Amino acid sequence: MRLSLSRALRSCIKPAPSYTASRLNSALNNPVSAVPQAGTATRGLPRNRRSSWAIHGRLRFRNFFALGVLGFVVPFVAWTVLSTINVVDPVFLPTPLAVLLRCRDWLLNDGLLNDIGISTSRVFLGFIASAALALPLGVLIGAYAPMRALLEPLTDFSRYLPAVAFIPLIMLWIGIDESAKVAVIFVGTFFQMVLMVAEDVAKVPSAQIEAAQTMGATTGEVVQHVLLRSARPAILGTLRITMGWAWTYLVVAELVAANSGLGFAILKAQRFLQTDKIFTGILLIGLIGLLTDQAFRWLHRICFPWHHIDQ
């Protein structure tokens, strides 16, 4: 009876595949060889690599660079095709070649480098003035609840006021010289920068603050050695974003009685329907802004390399 039962059980159990049996026997006979050694490739085993289409996935640099170039090439090709086959009137959409020739003429005959230098100085002066005031105010609002209650509602209200609406007041209060143009860029970036810096400081984990207080740190020491040190990477990212806003306010700033600069050249070209020069000015502002943005990204990698370990 027992013999027939054991035979029946054996007949119900399906034999394992031959390759599984061979691996099992090899592992039993030589356990050390079954474990992959360090530095050796495990052929046939799936790699635990994260998909680039996963949430917060990663790309290799060459793939990232190739897709970035493709993002520029596709609209450029579309622009070239539409302007070349005359689907749109050249007055409204000049060809890339016409824009390139206008850029060369502007460089050789109309002082392009001077316009770039003047516009860049205006943007940086407005940005630096904004950062000089917004950084300490943002730290105070993010660190202290009374300062948040006092200043945050006013800042929230002010950031919705369009910078263009301040131009008449700026001309009355400051005049029409260079300081007025810098003031427009200041107004356009200051209030947003204050709130973003405050949020960066407020997001510092409470555990770090409590640990410093447990070790006897004073309030000033917590702000200096905990809040500021922990929030520095995020604050630099905030400065990078607001620098982009400063460039977008350049044309608005040069509405104020300007006689030079990229924004002034764009507005002047508008009066004479020189769309090729308008395109040139817009593309130059975008190119300079992109270079500035990449400079901030490079600075972030240099100052805070631990934030880019997995990138």
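FRET efficiency for residue 282 and residue 169, Cβ-Cβ distance as r, R0 = 35 Å, nearest 0.05?
Working: r = 28 Å, r/R0 = 0.79.
That gives a FRET efficiency of 0.80.
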Margin query: Order 297-308, 197-208 from most to least packed using the mean count of other Cβ atoms within 10 Å.
Written below: 197-208, 297-308
Checklist line | Karplus-derived 3J(HN,Hα), 6.51/-1.76/1.60, for each residue of the range 170-177, Hz, glycine and proline x | finding: 5, 5, 6, 7, 10, x, 10, 8
Check: Taking the Cα atoms of the range 219-311, what is the range of coordinates along each of the three principal axes, in descending order and whole Å?
Finding: 59, 33, 13
Check: Charges only on Cβ, +1 for Lys and Arg, -1 for Asp and Glu: so what's the dipole of the range 256-311 about the Cα centre, in debye to the nearest 20?
Finding: 220
Margin query: Ratio of alpha-carbon Rg to the 2.2 N^0.38 Å globular estimate for the range 256-310, to two decimals, please.
Written below: 1.71
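So for each of 184-191, 261-268 I average, over its residues, the number of other beta carbons within 10 Å; can you give me the resulting order with the highest mean first?
Highest-to-lowest ranking by the protection proxy: 184-191, 261-268.
Since every read-out is calculated from the coordinates, none of them should be taken as a lab result. The shown structure was predicted, so the numbers you read here are calculated from the model rather than taken from an experiment. Backbone-built Cβ (ideal geometry, glycine too); neighbour counts: all protein chains shown.
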